[in-house]
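Below is one structure, written out as structure tokens; the observations come after it.
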Amino acid sequence: MARGLAWVAAVLVALFLVAPIVAILPLSFSAGSFLFYPLPGLSLRWYQDFFGSDFWLPALWNSLLIGSASAGLATLLGTPAAFGLWRMRGAARAVAMGIVLAPMVVPVIVVAVALLLTFGPIGLVASYSGLIIAHTTLGVPFVVVTVLAALEGFDPVQLRAASACGAGPVSAFFRVCLPQIAPGVAAGAIFAFATSLDEVVIALFIAGPAQRTLPRQMFAGLNDSISLTTTAAAAMLVGLSVLLLLVVAWLQRRGRTQAGG
Amino acid sequence: MHRRTVLTGALAASALPTIARAQGRDLTVVSWGGAYQDAQREVYFRPFQQQTNTRLLEETWDGGIGVLRSRIASGANTWDVVQVESEELLIGADEGLFERMDWAAIGGRDAYIPEAVNDYGVGAILYSFIIAYDRARTPQGPTNWADFFDSARFPGKRGMRKGPKTTLEMALMADGVQPAQVYQVLGTAAGVDRAFRKLDSIKADIAWFERGSQPPQWLAAGEVAMTVAYNGRISAANQTDNRNFAIVWTNNIFTLDSWVIMKGSPNRAKALEFLKFVGQPAVQATLPPKIPYGVTAKGVNERLPPDVLANLPTAPQNIASALHLSDRFWLDNLDRLTQRFNTWVSR
Amino acid sequence: MNRPALLTAPLLLFLLLTFVAPIGAFLWRGVTDGEVAPVLPRTIAALAGWDGRVAPGEPAFAALVADLREARQRDASAIPRAAARLNADRPGFRGLLPMTARRAEAPFEGTARDAVLAISEEWGEAETWGAIRRAGGPLSAFHVLTALDLRQDAAGSLRAVPEDQAVFRLVLLRSLWISLMVTACCLLLGWPLAWLIATSKGWPATVLLAAVMLPFWISLIVRTAAWMVLLQREGVVNAALGGLGIGPLPLMMNRFAVVLAMVHILLPFMVLPLVAAFRALDPRLPRAAASLGAAPWRVFLRVTLPLCLPGIGAGCLLVFIQALGFYVTPALLGGPNDQMLAWFVGFYATRSVNWGLAAALSVLLLAAVGLCVALYGKLAGFRRPGAA
């Protein structure tokens, strides 16, 4: 009886989580321009608007470029760091861990204003580099955390075995360790990409009009006038997110079977 | 070998943004968004890009001298040409936020109406703050500011601009102050208190807009029963979206916006080229038919059809009862009253 | 240096340059004052022994004139910057200081005091000079006090600002209150969902988990946009209500919309730690308690709840910390009196050149967050950052 009630509650809450997102997606295929149902007909005009406008398509490209660059940089910095942290002990590890994870908890508005004031005088505001650096900072904790989690399933004895066989520490890492934690590294990179793809506040403060990202453009659109083009953009972001979610789920399954086998 | 790949990868990754940056920044023009910027894009921005082969980036802002101050002071300014309000022009010129206007490069002072000429800016449009409502929802709408502040006779939300400028003037006119006396009263502490008291009486019913595009949108969606608005955007909504919005011209607040070039802009020459382009009477004459704002080059009005002229804030019947916004008053009082307004509004 | 530390060095160096140093430098502005001292060094020195009750004597006026004359010679842009800082303390200074500097350039007869007072009566008031002394730096409590709605008068005593000018304590309380409401709603809604995900098997549990994971991945701006579309005056919800003959209701630009959307966005952060806690719970313990004759509510209160408390605490703190820093959602869905601390940080940084106050407000925000993180560390430990 209590469990039945719990099921009713849980299903309602699950609906609350999913329904708002699902509810707006069909609107982007509307032939009219209203923000409610029933739809007057179906059309792709809002997607045509998206791809034809001076703002939306460049914003999508900016998002993909900045997301990939910052995810790449975060992975390059984060993977060796995670490996180092995995082998570190004691107070040094705690301090290093604290610094690495801090971008996850510091409110992003503080980061945004701090970067605006630091990057302004050195010409990094309204530049791709500035935004990529900022997004790398936000994404790097996710890489470190995910790679650390992957390393939990890695037996360090293998490294000693490799060195006994004459491999140097670097080649041992690349030949023995990296292949086994690769799904974790890839998942970390995707997390970092998703973080950049999601980010609005920093883009709002330090991006110039040439670096407008998709979320930044959506923010402007929502502030200015909500058109169905915005819902088309939202639908594309949802599609991208679902894709990333599926890739990560696949990688995690692969990571698990590898660790198990 | 692996180390080398990682190193080159890292180098490539860090070089990529540097390359992107080395290209420098394109001319960035900042305006007020919505239907107005849509019209500007069509008659100013796109033709300018096509005819001069210059890339132009657009940005939208919603005003505030503090935005310009902090852009200059933080060294993080990325704007070149900005459309500013009249008191922002005076304050910014005073504080060294703008480049001096090179009048010779944009057609000479004599090519513009006298109000549009300033050492640091060139007039862009003449416009009015008016009351607007939707005849489709409210057949019997307000007729003056007293009606606007009368939430018993005219219930519902009303849109007002988030800021003290124009809002305090409206409150005083609603409270019975004649337009000619508004700035005299507002110059005293008691007058400011009186304006805020009047605003207090409808505070719960006010929806504050920050962007000029919001009032027509709120009217269309029925979010507000009536709203303060810029005259052009209301007419534009009637024209392009087939709305039936009414404009109340009684005691409208009349003013002008100017183009300025931000201090230290690396694109000063391009900016002047842009201003020269948009200063030509033939080009300016294409704006009012799209959105009924007055323009500033001499000899434009002769080119406009009478039905367009009648919708402009400068038409005799529209300007008759207008209050001319005092940029002098706001030059002296903007900071103080903005501070008070912000505290008042966020409580 | 050992090898593991060497591997982390590039990242730490990167974060030092792009995160720690910028934030440090920014927060530093909240407790220091460096704009006025370079412009008015002699004036500040002359005010050192002043009691702050009435305007100071001739030496301070003479020092002011000398300082302003020299500043205009050396770097004219420094005067507006100093004026902006003084204006944050005493509105009117933005005009007063440059004007005084301009007029004091001309030679005058008689005392500096008479000459300066002739330029503006304001210089006859103690508080005008008090503002200069307060901004003398290098360290300063002014911004932090302002962020707490407190101020020090020229004579040095501390008092609350007048009721009609106080705003930041209200904003701080509002931020805490909204975050608390959101956390409570998340806990209430997340509990049954997490419980069933943790204790059921087969596809229903998978579907529920997917319902949590999907929004978790979808961009915050998209979810905020979804609520804006739904809650519009002519949006999906009002259209549906209209079909039932209700409304239209004002659903947006208010506290309700902000809390609703924030709960929606943060709920997965509550559910996931709860699921972990419920899964770690040994199901035999509550069963044993029940078989020993304890009533169900007693089992819950005495066995289940204490065992899950660390997980509950972790979920609550995770939601609370993130809620405190929200910027985008209240900005888009709230009215002017629904804005939280983050909005004011942004406001003072970009719409009013008052970085000191923006920094002081950030210090408040970070202090609140830091307190929660410390609590989280105590409850959950930092061993499982993956839960975040």
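Residues being closer than 30 Å to residue C:5 by Cα and either free of Cβ contacts under 8 Å to residues at least 12 places away in the same chain or assigned to a loop (DSSP other than H, G, I, E, B) (or both) are represented in the stretch A:62-79 by at least one member.
Could you please let me know if residue C:266 is surrounded by fewer than 20 Cβ atoms within 10 Å (Cβ to Cβ), in contact with a Ser or Thr (Cβ under 9 Å, 6 or more places away or on another chain) and in the same structural domain as residue C:335 (by TED's automatic domain parsing)? Spelling it out, it is not the case that residue C:266 is surrounded by fewer than 20 Cβ atoms within 10 Å (Cβ to Cβ), in contact with a Ser or Thr (Cβ under 9 Å, 6 or more places away or on another chain) and in the same structural domain as residue C:335 (by TED's automatic domain parsing).
Could you tell me whether any residue of the stretch C:361-379 is farther than 26 Å from residue C:145 by Cα and more than 13 Å from chain A (Cβ to nearest Cβ)? Yes, the stretch C:361-379 contains at least one residue that is farther than 26 Å from residue C:145 by Cα and more than 13 Å from chain A (Cβ to nearest Cβ).
Tell me the helices (runs of 4 or more DSSP H) entirely within the stretch B:20-87 that contain at least 2 residues that are farther than 22 Å from residue B:99 by Cβ.
Filter on the stretch B:20-87 gives B:34-40, B:46-52.
Considering only residues in the stretch A:248-261 that are of a type in the set (Gly, Ala, Ser) and in a helix (DSSP H, G or I), the one that is nearest to the other protein chains (Cβ to nearest Cβ) turns out to be A:249. Summed over the stretch C:94-117, the residues that are away from every other protein chain (no Cβ under 14 Å) and either modelled with pLDDT of 90 or more or outside any helix (DSSP H, G or I) (or both) give a count of 14. Whether a residue is outside the structural domain of residue B:324 (by TED's automatic domain parsing), surrounded by 18 or more Cβ atoms within 10 Å (Cβ to Cβ), part of a helix (DSSP H, G or I) and charged (D, E, K, R) was assessed, and residue B:115 does not pass this test.
Could you name every one of the helices (runs of 4 or more DSSP H) located completely within the stretch C:240-345 that has at least 3 residues being touching a helix residue (DSSP H, G or I) at 6+ places or on another chain (Cβ under 6 Å)?
Result: C:255-280, C:284-291, C:305-324, C:328-333.
Screening residue B:135 with (1) free of Cβ contacts under 8 Å to residues at least 60 places away in the same chain; (2) under 30 Å from residue C:249 (Cβ atoms) gives one miss only, at (1).
Note on the stretch B:231-296: no enclosed helices (runs of 4 or more DSSP H) hold 3 or more residues that are without any contact (Cβ under 8 Å) to a residue 60 or more places away in the chain and within 18 Å of the chain's Cα centre (by Cα). Only one of the listed residues (B:166, B:138, B:143) is among the polar types (S, T, N, Q) and under 17 Å from residue B:334 (Cβ atoms). That residue is B:166.
Scanning the stretch C:188-206 for residues that are surrounded by 15 or more Cβ atoms within 10 Å (Cβ to Cβ), of a type outside the set (Gly, Ala, Ser) and without any contact (Cβ under 8 Å) to a residue 60 or more places away in the chain returns C:192, C:196.
When A:53, A:33, A:28 are checked against the criterion of being more than 17 Å from residue A:136 (Cβ to Cβ), within 13 Å of chain C (Cβ to nearest Cβ), modelled with pLDDT under 95 and surrounded by fewer than 20 Cβ atoms within 10 Å (Cβ to Cβ), A:33 stands alone in meeting it. Determine, yes or no, whether residue C:209 is at the interface with chain A (Cβ under 7 Å from one of its Cβ atoms) and either in contact (Cβ under 8 Å) with a residue 12 or more places away in the chain or over 17 Å from residue C:260 (Cα atoms) (or both). In short, no. All of (1) more than 11 Å from chain B (Cβ to nearest Cβ); (2) surrounded by 24 or more Cβ atoms within 10 Å (Cβ to Cβ) hold for residue A:161 with one exception: (2).
Annotation note: of C:170, C:231, C:176, the sole residue that is more than 9 Å from chain A (Cβ to nearest Cβ), in contact (Cβ under 8 Å) with a residue 24 or more places away in the chain, within 30 Å of residue C:149 (Cβ to Cβ) and not aromatic (Phe, Trp, Tyr) is C:176. If I filter the stretch C:28-36 for residues that are within 14 Å of chain A (Cβ to nearest Cβ), touching a His at 6+ places or on another chain (Cβ under 6 Å) and in a helix (DSSP H, G or I), do I get at least one hit? Looking for residues that are within 14 Å of chain A (Cβ to nearest Cβ), touching a His at 6+ places or on another chain (Cβ under 6 Å) and in a helix (DSSP H, G or I), one finds at least one in the stretch C:28-36, hence yes. Per the conditions (1) closer than 26 Å to residue C:192 by Cα; (2) modelled with pLDDT of 85 or more; (3) not polar (S, T, N, Q), the sole criterion not satisfied by residue C:240 is (1). The number of residues in the stretch A:89-133 that are within 15 Å of the chain's Cα centre (by Cα) and either hydroxyl-bearing (Ser, Thr, Tyr) or facing chain C (nearest Cβ under 7 Å) (or both) comes to 4. Here is the figure for the stretch A:213-228: residues that are more than 8 Å from chain C (Cβ to nearest Cβ) and over 23 Å from residue B:241 (Cβ atoms) total 3. Might you let me know whether the stretch A:191-207 holds any residue that is farther than 30 Å from residue A:113 by Cα and within 14 Å of chain B (Cβ to nearest Cβ)? No, the stretch A:191-207 has no match at all. Residues that are free of Cβ contacts under 8 Å to residues at least 40 places away in the same chain and more than 24 Å from residue A:118 (Cα to Cα) were ranked within the stretch B:49-73; the one that is nearest to the other protein chains (Cβ to nearest Cβ) is B:57. Scanning the stretch B:261-281 finds one or more residues that are more than 21 Å from residue B:157 (Cβ to Cβ), of a type in the set (Lys, Arg), out of contact with any strand residue (DSSP E or B) (no Cβ under 8 Å at 6 or more places or on another chain) and surrounded by fewer than 23 Cβ atoms within 10 Å (Cβ to Cβ).
From the list A:46, A:7, the one residue that fits, being at the interface with chain C (Cβ under 7 Å from one of its Cβ atoms), out of contact with any Gly (no Cβ under 8 Å at 6 or more places or on another chain) and in a helix (DSSP H, G or I), is A:7. Only one of the numbered conditions (1) more than 30 Å from residue C:3 (Cβ to Cβ); (2) in contact (Cβ under 8 Å) with a residue 40 or more places away in the chain; (3) of a type outside the set (Lys, Arg); (4) buried (at least 18 other Cβ atoms within 10 Å of the Cβ) is not met by residue A:20, and that is (2). Scanning the stretch C:67-77 finds no residues that are within 14 Å of chain B (Cβ to nearest Cβ), within 34 Å of the chain's Cα centre (by Cα), in contact (Cβ under 8 Å) with a residue 40 or more places away in the chain and under 23 Å from residue B:73 (Cβ atoms).
Restricting the stretch A:229-247 to residues that are surrounded by 21 or more Cβ atoms within 10 Å (Cβ to Cβ) and aliphatic (A, V, I, L, M) leaves a set whose member that is farthest from the other protein chains (Cβ to nearest Cβ) is A:232.
The values are calculated or read from the model by the stated rules, or taken from the named source; none is laboratory data. Computed from a predicted structure; not experimentally measured. All Cβ positions, glycine included, derive from the backbone under ideal geometry; neighbour counts span all protein chains shown.
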